[in-house]
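One structure below.
The values are calculated or read from the model by the stated rules, or taken from the named source; none is laboratory data. In this text the structure is predicted, and so the values were computed from the model without any measurement. Virtual Cβ from ideal backbone geometry, glycine too; neighbours counted across all protein chains shown.
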Amino acid sequence: MKVNGEPTRTIWPVPGGAVDIIDQTRLPHACRVRRLKDLADAVHAIRSMQVRGAPLIGVTAAYGVALALARRADDVALQTAIEALAATRPTAVNLHWALARLRALLAPLSLAERAAAAWQEAARIADEDVEQCRRIGQHGLHVLRAGLGLRRRIEILTHCNAGWLATVDHGTALAPVYAACAAGIDVHVWVSETRPRNQGLLTAWELGQQGVPHTLIADNAAGWLLARGGIDAVLVGADRIAANGDVANKIGTWLKALAAQAAGVPFYVAAPRSTIDFACPDGAAIPIEERDADELRVVHGGDAAGRRRKLRLLPADQAVANPAFDVTPAALVSALITERGSCPATGQGLLALYPEERHG
Ligand code: MRU
């Protein structure tokens, strides 16, 4: 997608054996590129959410392994890198999927082959992500057209950021929005703020960069907007989809699914294969990340002169709970949209799209 009119990815390798990312902790106030030079930089980037969003976390982890092996490629170094990256964020399964894929590829190779193979595989995962998200956009547009009929204007509600910034390019939930715009459909997106990390601000920024009309709302406004009418569909991403179709996504997603059901509005979840965890039976088995309490106590922004500022909302001893994700039961999901097409949010639906996952 574009930044200031220039096609840009969220992550890319640079000559000399480093990786550049867009530092998402600086958005929407400034778009800054940050260089990751070693494993510690990659671990920090994921944990601190300089990169975030399930698919992008997976790609960054893959490059993190490549950065580590460029220095030392023996079994201990490989294991250390995988363990350090795996410990960064528990819920998005793309991270663990990417690390398992690299381990399976690299472990049998000679030490001399490993570093180059890791770079190539990380680049392959990144390119696959771009293509899968592009396909999600096409399939998602088809689902919207089939569900809503041929409309000149579509009103979408989304939560968190499941756009280009959460992937390498195109996004998951926003890919159908971009596809609809490209097809000449008039789309307007309602963007929920997504406290406490305010990923909705990232969504508003990237939609603005692509010229997509959108309106930011407080999280608590979503229920009323759905009840009042005028929203055609809710479209969100996922951090992990269990084998039965339950969906872990950013905290607050479940409330939107409940409100959508009450209002009779379809609730769609868009995600690539790397987000589907066939080894996880249902939502109860998905680990939910608990993040730092200061994410609620302290807000970040810019002052009138554009300088970065922190503002304390609550004293340091204020008791706070900060679960970063929730689980939307499959029964509330109208359809899952993947790079292979759409399906009901059921085990059978998923296996029909991914028959190679049928065992026994
Ligand atoms: O904590 P984050 O910002 O990494 O969480 C991101 C989300 O929950 C997204 O909605 C999800 O990863 C889908 S991204 C394509």
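When the residues of region 334-360 are narrowed to those that are farther than 19 Å from residue 137 by Cβ and among the acidic types (Asp, Glu), which ends up surrounded by the most Cβ atoms within 10 Å (Cβ to Cβ)?
Only one residue fits best here, namely 357.
Which ones in region 237-263 are part of a strand (DSSP E or B), over 15 Å from residue 350 (Cα atoms) and not polar (S, T, N, Q)?
248, 250
Kindly indicate the residue of region 264-282 that is away from the ligand (no atom under 13 Å from the Cβ) and assigned to a loop (DSSP other than H, G, I, E, B) and also surrounded by the most Cβ atoms within 10 Å (Cβ to Cβ) among those meeting that condition.
265
Among the residues of region 159-178, which ones are over 22 Å from residue 256 (Cβ atoms) and touching a Leu at 6+ places or on another chain (Cβ under 7 Å)?
Within region 159-178, 168 is the sole residue that qualifies.
Take residue 44 and decide whether it is within 16 Å of the ligand (Cβ to nearest atom) and closer than 18 Å to residue 279 by Cβ.
Criteria not met by residue 44.
Considering (1) closer than 18 Å to residue 239 by Cα; (2) in contact with a Leu (Cβ under 7 Å, 6 or more places away or on another chain), say which one residue 334 fails and leave the rest.
Every condition holds for residue 334 apart from (2).
Filter region 139-153 down to residues that are among the small types (Gly, Ala, Ser) and away from the ligand (no atom under 16 Å from the Cβ) and give me whichever is surrounded by the most Cβ atoms within 10 Å (Cβ to Cβ).
Here the answer is 147.
Any idea which of 125, 156 is in contact with a strand residue (DSSP E or B) (Cβ under 7 Å, 6 or more places away or on another chain), surrounded by 18 or more Cβ atoms within 10 Å (Cβ to Cβ) and at pLDDT 95 or above? Outline the logic, then answer.
On the way: 125 fails: in contact with a strand residue (DSSP E or B) (Cβ under 7 Å, 6 or more places away or on another chain).
Answer to the selection: 156.
If residue 99 passes every condition in (1) more than 16 Å from the ligand (Cβ to nearest atom); (2) part of a loop (DSSP other than H, G, I, E, B) but one, which one does it miss?
If we test residue 99 against (1) more than 16 Å from the ligand (Cβ to nearest atom); (2) part of a loop (DSSP other than H, G, I, E, B), just (2) comes out false.
Hey, could you check region 80-96 for residues that are of a type in the set (Ser, Thr, Tyr) and either away from the ligand (no atom under 15 Å from the Cβ) or farther than 17 Å from residue 327 by Cβ (or both) and say which is surrounded by the fewest Cβ atoms within 10 Å (Cβ to Cβ)?
Checked region 80-96; the qualifying residue surrounded by the fewest Cβ atoms within 10 Å (Cβ to Cβ) is 80.
Assess whether residue 225 counts as being closer than 25 Å to residue 338 by Cα and assigned to a helix (DSSP H, G or I).
No.
Starting from region 46-60, keep only residues that are modelled with pLDDT of 95 or more, then list their pairs with residues that are within 8 Å of the ligand (Cβ to nearest atom) and of a type in the set (Val, Ile, Thr) whose Cβ atoms are within a distance under 6 Å, requiring at least 6 positions of separation or different chains.
46/57; 54/275; 55/167; 56/167
Just one of 54, 68, 18 is farther than 20 Å from residue 173 by Cα, among the hydrophobic types (A, V, I, L, M, F, W, C) and either out of contact with any strand residue (DSSP E or B) (no Cβ under 8 Å at 6 or more places or on another chain) or buried (at least 24 other Cβ atoms within 10 Å of the Cβ) (or both); which is it?
Just one listed residue meets the conditions, 68.
Please go through region 233-243 and pick out each residue that is buried (at least 20 other Cβ atoms within 10 Å of the Cβ) and more than 17 Å from residue 162 (Cβ to Cβ).
242 - this is the single residue of region 233-243 that is buried (at least 20 other Cβ atoms within 10 Å of the Cβ) and more than 17 Å from residue 162 (Cβ to Cβ).
Name every residue in region 283-299 that is part of a helix (DSSP H, G or I) and basic (Lys, Arg), in order of residue number.
297
Give 73, 126, 118 a once-over and let me know the one that is part of a loop (DSSP other than H, G, I, E, B), farther than 24 Å from residue 289 by Cα and of a type in the set (Gly, Ala, Ser).
The match here is 73.
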